[in-house]
Each structure stands twice: as C-alpha cells, then as structure tokens.
Amino acid sequence: MKGLSALDAAGVQAARIEDLWWIFFWVCAAVFVLVIGSLLAAVFRRRNRSDDDVRPGGERRMARVVAGATALSAVILLGLLVVSVATGSAVGSPSPAGALKLEVIGHQWWWEVRYDDPVPSRSFTTANEIHIPVGRPVHIVTRSSDVIHSFWVPNLHGKRDLIPGHPSEIWLRADRPGVWRGQCAEFCGHQHANMGLEVVAESPEQFQAWTAAQLRPAPPPRTPLARRGQEVFLSLPCPTCHTVAGTPAGGKTAPDLSHLASRRTLAAGTLPNTRGHLGGWILDPQNVKPGNKMPPIAMESEDLLALLEYLETLR
Ligand code: CUA
C-alpha cells in the first residue's frame, strides 16, 4: 500500500490532524447550508409579499436576528479556534519515552536520513527512504543543508519546514504497516517537485532485520564483472560525492550508496529502482532531473554494465 493523503491517517499525529480537518469541514458545511438556506428563504419571502404587508416591529425583530447570527458566528469561530489550538499543542507535544531517534536533512533535492545511536558503530546513514517500526514513536530532528524545504508525509504527520541553521523536532508514530509517500512541501528550486521520499512502516522484526542489513558494510564484489564495476566506480568521480561503506568512497555531499540496491526508488522518489532506470540516471541525470547536482558521466557500455552489476550488489 502506498499513500499520499492527509485524510487516510496511518498514525496518531496524522489522525489528530485528520480529525481537525473533518471538524472544520462539517462545521463549515453546516454554516454554508444555514447561510444559503436563510438567503433563499429571504429571497422567496420578499417576492411573495407586497409593501403594505410589513409587520409592525419588523425592524426590531431583524436587529435581533442579526445580533443572534453575529453571536453564533463568534461562538463557532471561538470553538474552531479552541479545537485548532488543542490539536496544535497535541501534535507539538514532546515525544514519548523510548522513541526511535533519527535525523532528516533536506538537500537540493533529496533527503539524507541519519539513524543516530549513542554507540557510533550502530549509527548509519541512508537516503530518501525511512524505515520505522509500527507502534513505536519516532523522534525526528529536521535540518536543512541549503535552502528552506518542508518535510511532509501526510499519512503520518503535518508539514514541518526545514529552515537552514534552525534544527527543529517532531515526532510521529505509524499505527499500521504500509509504505507512505512523502514530499517536500516548500518550493526549494528547480526540482522541488521531484524531492520525494518514502516511509516504510513495518513490523519491529522486519525493522530489526533492515537495521542489521544497513549496519553491515557493503559486501565485497564476488563476480569478475562486479569487481570490474567497483574499479569503474572508484575511478570515476563518484566517490567524491558518494559513500560506499567499506570502500575508499567516502563523499558526503550526495546520497550514501552503501545499500543503494535495497532502496525502492532512485533520485528521491523520482524513478523506480530498476537496472534500466539506474543506467539511464547515471548516464544522463540532467535529463531525468534537470538542475540536480549530479553531472552526466560518459563511459563505455561495458563499463556501464559492470558498474550496474556492482551497484546491484549493494544490498
Ligand atoms: Cu525541497 Cu521543495
């Protein structure tokens, strides 16, 4: 399952926001029906009566109706304000104890995701795909490395702007498993629309298994073709920007590729992670996502095949 809807809450925080949305919707719908109903009633009543029909005291009655309607409007608005503030303080509450801690950093135009552990050897970094265990609160520190982005996974929480130099914190909890799409929600340049991510909410066991796999360094390539691919990778400019754990590639300005093949998408949720898309992306990333920071890389087709073979071993 894959969602991008604030009206299909998959967790406690999104449910609060969804409830608020529905309260506003039904109150506003009732007010709309009331206003239009009164308007139509007034129009038809006036049509069916002549001038000498006006009852004595009509004006005083009208003043009372207007005062009543004004008071009702004030009460309704005050009520909406109260539920809105209550929802805001509930979603902004401190994260519950025992929360999983992670850091999400916005870059033009991708998401860096750090799973920090007090034990450094249990910390790791990934990109554009966040795995979380169902039922456990997740405390997220958000940062930006360049311009203002906005972290938004509507099925799990509201939007949180990522302001450069001003880290902020949110927490969320997925209450059912699923793959929830996220999207940068603040215009951040040319490829803002292609700054997506996915949150994979899975059982605690699946999450443990995923974490264990992420913590392992990339396996050394086994086949001659994959070994050739690793040589190609290390001889091209790739390691300047990308990291592959366990190899000399340690660049930090682009997504960590240590477990690239385990991810569902490429280029921040822009392409499905298949061999064809990966090849096309490496050869001409500017065609897929114009303006992004990855340069086109020319290479012989045998080298590309070897490189793809190698990258697919990064599970
Ligand atoms: Cu990042 Cu829009």
Single residue of region 187-217 satisfying the filter (surrounded by fewer than 20 Cβ atoms within 10 Å (Cβ to Cβ) and acidic (Asp, Glu)) that is farthest from the ligand (Cβ to nearest atom): Glu205
Index of the failed condition, Asp161 passing every other in (1) under 14 Å from the mean Cα position of the chain (by Cα); (2) more than 15 Å from Gln108 (Cα to Cα): (2)
Residue satisfying condition, being of a type in the set (D, E, K, R) and assigned to a loop (DSSP other than H, G, I, E, B), within set Arg227, Arg222: Arg222
Any pair with Cβ under 7 angstrom, 6 or more apart, that starts in region 200-216 at a residue that is in a helix (DSSP H, G or I) and ends at one that is surrounded by 13 or more Cβ atoms within 10 Å (Cβ to Cβ) and aromatic (Phe, Trp, Tyr): Gln214/Phe124; Leu215/Phe124
Positions within region 133-157 being crowded, with 19+ Cβ neighbours inside 10 Å, in a loop (DSSP other than H, G, I, E, B) and within 16 Å of the ligand (Cβ to nearest atom), in sequence order: Val153, Pro154
Condition met for Ala245 (among the aliphatic types (A, V, I, L, M), touching a strand residue (DSSP E or B) at 6+ places or on another chain (Cβ under 6 Å), closer than 20 Å to Ile130 by Cβ and part of a loop (DSSP other than H, G, I, E, B)): no
Hits in region 158-181 (condition: within 16 Å of the ligand (Cβ to nearest atom) and either among the aliphatic types (A, V, I, L, M) or touching an Asp or Glu at 6+ places or on another chain (Cβ under 7 Å) (or both)): Asp161, Leu162, Ile163, Pro164, Arg181
Given (1) of a type outside the set (Lys, Arg); (2) closer than 24 Å to Gln191 by Cα; (3) assigned to a loop (DSSP other than H, G, I, E, B), index of the condition Pro239 fails: (3)
Out of Val104, Val83, Val65, Val54, sole residue that is on the phi < 0 side of the Ramachandran plot, at pLDDT 95 or above and away from the ligand (no atom under 16 Å from the Cβ): Val83
Residue selected from region 88-122 under the condition part of a helix (DSSP H, G or I) and either of a type in the set (Gly, Ala, Ser) or under 20 Å from the mean Cα position of the chain (by Cα) (or both), by the criterion nearest to Lys293 (Cα to Cα): Ser121
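Per-residue answers, yes or no, for (1) farther than 20 Å from Ala268 by Cβ; (2) in contact with a His (Cβ under 6 Å, 6 or more places away or on another chain):
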residue	(1), (2)
Val141	no, no
His149	no, no
His166	yes, no
Arg173	yes, no
Cys184	no, yes
Val199	no, no
Gln206	yes, no
Thr223	yes, no
Set Pro220, Pro272, Pro255, Pro237: member being surrounded by fewer than 19 Cβ atoms within 10 Å (Cβ to Cβ), of a type outside the set (S, T, N, Q) and closer than 22 Å to Gly182 by Cα: Pro272
Filter result (under 25 Å from Glu202 (Cα atoms) and over 17 Å from the mean Cα position of the chain (by Cα)) within region 135-158: Gly135, Arg136
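The values are calculated or read from the model by the stated rules, or taken from the named source; none is laboratory data. The structure presented is a predicted model; accordingly, all values stated were derived computationally and were not measured. Every residue, glycine as well, gets a Cβ built from its backbone with ideal geometry; the counts of neighbours run over all protein chains shown.
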